[in-house]
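What follows is calculated from the coordinates using simple rules that are stated; it is not laboratory data. Since this is a predicted model, take the numbers as computed values, not measurements. Glycine gets a Cβ as well: all are built from the backbone with ideal geometry, and neighbour counts include every protein chain shown.
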Amino acid sequence: MSVNKQPAKNNVRTSRFPFSLVLTYFGVFLLMSGLHTGLLVLMEELDLSNIVQSIVPMLYWLTVAVGLTLFTRYKVKKTYEEPMRKLAEAASQVAHGDFSVYIPTLHTADKQDYLDVMIRDFNRMVEDLGSIETLKTDFFSNVSHEIKTPLAVIQNTAELLRNERLPAPQRQEYVETVISASKRLSSLITNILKLNKLEKQAIVPDIETYNLSQQLADCALQFEQVWEAKDIEFTAELEDDAYITADPSLMELIWNNLLSNAFKFTEPGGIVSLTQTAETSAVVVRVADSGCGMDAETVQHIFDKFYQGDSSHSTEGNGLGLALVWRVVQMMDAEILVESTPGAGTVFTVRINRANSGK
């Protein structure tokens, strides 16, 4: 996790005009006054006319006023106008969809003022907007692809079913194909809605203290037909009681997805195990399988939306299950660890606080 270090508020200057500017003006006025006195003495010694002695000081101070005005104008331009113009131009670029904009700060971190803070926050906002835009584009692209695939299967199979001369076994096979594709489409839409609600925090967790061991046993039993059909050796080592404080329905999403993946990626005759142990302050749940495993690149992206490292099983899911798991883990202030070796299986470890205990 990256941490953005920001300068402490008391280190951020609140004024862009330093006190040295006052001393500069004071010194200039002293110098100009001295020159003015010298000019008067010089004109007196030269015995110039009264008119000249009146006009020359006026022209002198007019020159001083013009010089100070130009200097002040320069300082205002450098201090305010140029940075604000750059900020306005950058904002216009962002408004037109360009998220590659970056504005360098005016000072180093130890000398930053409020305008530097504004620029830094603007850069961070643009970076976040760019990330959101990329995620949104990828999301819609992936959703479109995932929805089109089962729809194409349903449409093509339905066209085949229009043939009245189809043999009964083949017709039944096509019907099963339509049902399977429609279930996949329904599952995709359901997961998208769940993930959307979780990310927008539209779901308020219903926190309670309950027996996690019982929940794990109930979740595992739902897959009994799966492990029997694939002749998978399934073992479960659970304590009688292990209480946690969390939302049971959201935690169930974690266990169902992890177990589903374990059985999905384990070949017939393989092994899947579910282990639950209690530590001083946490309950640890491990779901291990002897399946195909994953390489380091796949592990890095395993919780990304729609990411499916093993394309051979892509028709059995939609790449949202582990994204849901990750979001729930975050909401429940839990931890999840993935260990995997290609050809040697995968182990998911979830660690969550025990009831009435802190980290």
Modelled label-to-label distance, VAL338 and THR235, 7 Å Cα→beta-carbon offset: nm?
2.5 nm
At a Förster radius of 25 Å, what calculated FRET efficiency corresponds to the Cβ-Cβ distance of ASP121 and ALA95, to the nearest 0.05?
0.90
Using a/c under 1.5 as the rounded threshold, could you call segment 42-93 rounded, prolate or oblate? The axes a ≥ b ≥ c are square roots of the C-alpha gyration tensor eigenvalues, and prolate needs a/b larger than b/c, oblate otherwise.
prolate
Once the in-chain neighbours fewer than 8 apart are removed, the aspartates and glutamates whose Cα is under 15 Å from LYS183 read GLU146, GLU316
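Nearest 0.05, what FRET efficiency do SER20 and LEU62 give at R0 = 41 Å with Cβ-Cβ as r? Show your work: numbers first, answer last.
On the way: r = 27 Å, r/R0 = 0.65.
The formula returns an efficiency of 0.95 here.
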For LYS230, counting only aspartates and glutamates whose alpha-carbon sits under 13 Å away and dropping same-chain residues fewer than eight positions off, the answer is GLU267
In terms of the Cα gyration tensor, with a ≥ b ≥ c the square roots of its eigenvalues, is segment 252-291 rounded because a/c is under 1.5, prolate because a/b exceeds b/c, or oblate?
oblate
Can you give me the distance in nm between label points at ILE179 and SER249, each placed 7 Å from the Cα along the Cα-to-Cβ direction?
2.8 nm
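Residue separation times 0.36 nm, minus the C-alpha to C-alpha distance between GLU159 and ASP304: what's the value?
Roughly 48.7 nm would be gained on extension.
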